[in-house]
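Just so it is clear, none of the values below were taken in a lab; they were calculated from the coordinates. Just so we're clear, the structure is a prediction, and the values are computed from it rather than from any experiment. Positions of Cβ are backbone-derived with ideal geometry, glycine not excepted, and every protein chain shown enters the neighbour counts.
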Amino acid sequence: MAEIMEWVKNRDPEQREFHQAVGEVLLSVQPVLEQNPQYRHLKVMERLVEPERVILFRVPWVDDRGNVQINRGFRIQMNSAIGPYKGGLRFHPSVNLSILKFLAFEQVFKNALTTLPMGGGKGGSDFDPKGKSDQEMMRFCHNFMLELFRHIGPHCDVPAGDIGVGGREIGFLFGMYKKLRNEFTGVLTGKSLNWGGSLIRPEATGYGCVYFASEMLATRGQTLEGKVCLVSGSGNVAQYTVEKILDLGGKVVTLSDSSGYIFDEAGIDRAKLAFVKDLKNVRRGRMKDYADRYPDAVHTPADPTRDHNPLWTHRADCAFPSATQNEINAVDAGNLVSNGVVLVAEGANMPTTPEGIDVFLDSGILYGPSKAVNAGGVAVSGLEMTQNSMRLNWTREEVDGRLRTIMKSIHRACLDAAERYGKPGNYMIGANISGFVKVAEAMVDQGIV
Ligand code: NDP
Ligand code: 2IT
């Protein structure tokens, strides 16, 4: 294991986020590799850490003042052993190869956990959507697709949304793909309902997180009823996490964006959530506006010089990090545990640093890792692909029922794998082993390719 890690680090010394994601999986699957010499002999792990294909391209576009802008576009086609590459597109200035490779690597195991036939990929751009007009967004998305279209397809690679890419962007991307190919196919997921989208896809990641959290609580005879919850982020995942927590009788007291967070002791009720959805999805404003609208809520500006995030210092029962990677460090994790948190369910991808994860695991709280907890989003993307292939649309109840069943089965698979390898209750090890074995078996069957 140490050798493989060294090899990965030496090949791409600057890719820290990628090393972090690989390190966690390597540690978890060590006993599986020990018991299965064919995985070692066939270098399954060494092949898994090398993307099947990396596409890097120029995206020139013209802003509203007539200036030419140049961004970078990426698509990492990580692994197609169990299905076409599948995974989101992220538009954020921090986007680089390390971040996209970590996301694509995680996606491979996550998609395997869903039980649906999807390989793993991820892509995006260092383009910053903040402050851009609808016209600029359209021009950027169209220019991005002008290159990406030749590398994707409904049986090859099916992108979707992630940070900075929601319904509006998927529409612009789809429009250009359809024009260039002259065919109407399910090449992207997260489409609007009246042109091939699936009911419940917008809700799926957040709802799925809360379904998974409920399953975890049930192992200790508890429910979300009356539980105080901390949620970070205020985008797609955070909004529908709050919605489902409210459905199940919980209370949410925080939300955030990159400028800071709000603490609303009275709880974010449905009217306040509707305000947040309009603020973030329509007016594209900041969480500070929430405190202006609801003066009892306190807004604390982000301060990157601090060694901890004060959002995680409030007394609560459950935490749902739903913003971005490494938003919980060891100090934050310690604060959560000492303030009474009994469950952490990761909506964001890799929101906890390795040191933070150790704090959670050592404390004995319920810790749900992102690749299991947030798999509901890509699972319903898989269901969108199925509906597109059948040229049929399922009802809300049908899709939600399938999502719930998939989240239950992921929860069960994690617990069973953890138990089998002598780590009962360790969802991180369970998720990594369960996802890994499915992909590894397919790679063994298919030979050295
Ligand atoms: P959105 O773009 O809808 O929202 C992202 C939220 O996180 C915003 O509130 C944003 O604030 C905040 N945020 C993003 N980057 C940073 C940063 N560097 N520092 C602080 N805050 C930040 O994205 P999603 O809700 O879709 O994604 C949130 C997380 O969930 C990501 O980790 C994503 O990978 C993961 N995820 C998403 C899925 C999906 O289906 N959409 C599926 C599975 C996981 P601001 O507006 O200020 O940037
Ligand atoms: O991280 C993720 O799982 C996503 N952004 C969703 C990917 C998808 O293809 O729906």
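What order, most packed first, do the peptides 230-237, 259-266 have when packing is the mean number of other Cβ atoms within 10 Å of each residue?
Put in order of decreasing packing, that is 230-237, 259-266.
Rounded, prolate or oblate: which fits the chain, taking a ≥ b ≥ c as square roots of the Cα gyration tensor eigenvalues, rounded meaning a/c under 1.5, else prolate when a/b beats b/c?
Cα axes put the chain in the rounded bin.
If you take every residue apart from ASP247 with its C-beta less than 14 Å away from the C-beta of ASP247, what net charge results, scoring Lys and Arg +1 and Asp and Glu -1?
With Lys, Arg at +1 and Asp, Glu at -1, the neighbours total +1.
Order 94-102, 135-143 from most to least packed using the mean count of other Cβ atoms within 10 Å.
Top of the packing list down: 94-102, 135-143.
What is the local net charge at PHE149, summed over the other residues whose Cβ is closer than 10 Å to its Cβ (Lys, Arg +1; Asp, Glu -1)?
+3
Identify all aspartates and glutamates with a Cα-Cα distance to LYS251 below 14 Å; exclude those on the same chain that are fewer than 8 residues away in sequence.
Hits, sequence-local ones excluded: GLU225, GLU243, ASP264, GLU265, ASP269, ASP317.
List the DSSP H helices in the chain whose Cα atoms stretch 18 Å or more along the helix axis and whose mean Kyte-Doolittle hydropathy is at least -0.5.
Length and hydropathy pass: 16-35, 97-113, 134-148, 167-181, 201-218, 375-390, 427-446.
So for the chain, averaging the separation of alpha carbon pairs under 8 Å that are six or more residues apart and normalising by length, what relative contact order in percent results?
16 percent
Pairs to check: LYS9/LYS122; LYS244/LYS288; LYS43/LYS244; LYS43/LYS86; LYS9/LYS227. Give those whose C-alpha atoms are more than 32 Å from each other in this structure.
Over 32 Å Cα-Cα: LYS43/LYS244; LYS9/LYS227.
Label segment 380-445 by shape, choosing from rounded, prolate and oblate, from the square roots a ≥ b ≥ c of the eigenvalues of the Cα gyration tensor; if a/c is under 1.5 it is rounded, and otherwise prolate applies when a/b is larger than b/c, oblate when it is not.
It comes out oblate by the Cα gyration axes.
Among LYS178, LYS110, LYS191, which comes first, second and so on when ranked by fewest other beta-carbon atoms within 10 Å?
LYS178, LYS191, LYS110
Give me the net charge of ARG283's neighbourhood, meaning all other residues with Cβ under 12 Å from the Cβ of ARG283; Lys, Arg count +1, Asp, Glu -1.
Taking every other residue near ARG283 into account, the sum is +3.
GNM, the chain, Cα, under 10 Å: largest mean-square fluctuation among GLY175, GLY197, GLY382?
Ranking GLY175, GLY197, GLY382 by mean-square fluctuation puts GLY175 first.
Fewest to most neighbouring Cβ within 10 Å: what's the order for ILE82, ILE163?
So the residues, fewest neighbours to most, are ILE82, ILE163.
Placing unit charges on C-beta atoms (Lys and Arg positive, Asp and Glu negative, everything else neutral), compute the dipole magnitude of the chain about its Cα centre in debye, rounded to 20.
So the magnitude is around 1220 debye.
Rounded to the nearest 0.05, what FRET efficiency do LEU27 and LYS408 have when you use their Cβ-Cβ distance and R0 = 25 Å?
Once the sixth-power term is evaluated, E becomes 0.40.
Given Cα pairs under 8 Å that are at least 6 residues apart, what percent is the relative contact order of segment 342-449?
It rounds to 23 percent for segment 342-449.
How compact and how long is segment 248-297, expressed as Rg and Dmax of its alpha-carbon atoms in Å?
Cα only, segment 248-297: 10.3, 29 Å (Rg, Dmax).
Using helices alone, what [θ] at 222 nm do you get for the chain, with -39,500 (n - 2.57) per DSSP H run of 4 or more residues, divided over all residues and rounded to the nearest 500?
Per the formula, -15000 deg cm²/dmol.
Report the FRET efficiency, 1/(1 + (r/R0)^6), for GLU34 and ALA302, where r is their Cβ-Cβ distance and R0 is 25 Å, rounded to 0.05.
Computed FRET efficiency for GLU34 and ALA302 comes out at 0.05.
Among MET407, ASN67, VAL44, pick out the residue whose Cα is farthest towards the positive end of the charge dipole of the chain, where Lys and Arg carry +1 and Asp and Glu carry -1 on C-beta, about the Cα centre.
My answer, from the dipole projection, is ASN67.
Rank-order 351-361, 147-157 by packing density, defined as the average count of other C-beta atoms within 10 Å over each peptide's residues, highest first.
The densest-packed peptide leads the list: 351-361, 147-157.
Which residues does the label zone of MET1 cover in segment 355-376, counting backbone N under 18 Å from a point 7 Å along Cα→Cβ?
Answer for this model: 355-362, 369.
If r is the Cβ-Cβ distance from ILE448 to SER192 and R0 is 35 Å, what FRET efficiency results, to the nearest 0.05?
0.25
Between segment 327-346 and segment 238-259, what is the separation of their alpha carbon centroids in Å?
After rounding, the separation between the Cα centres reads 17 Å.
At 7 Å along Cα-to-Cβ for each site, give me the label-to-label distance between GLU355 and GLU265 in nm.
Here the modelled spin labels are 3.2 nm apart.
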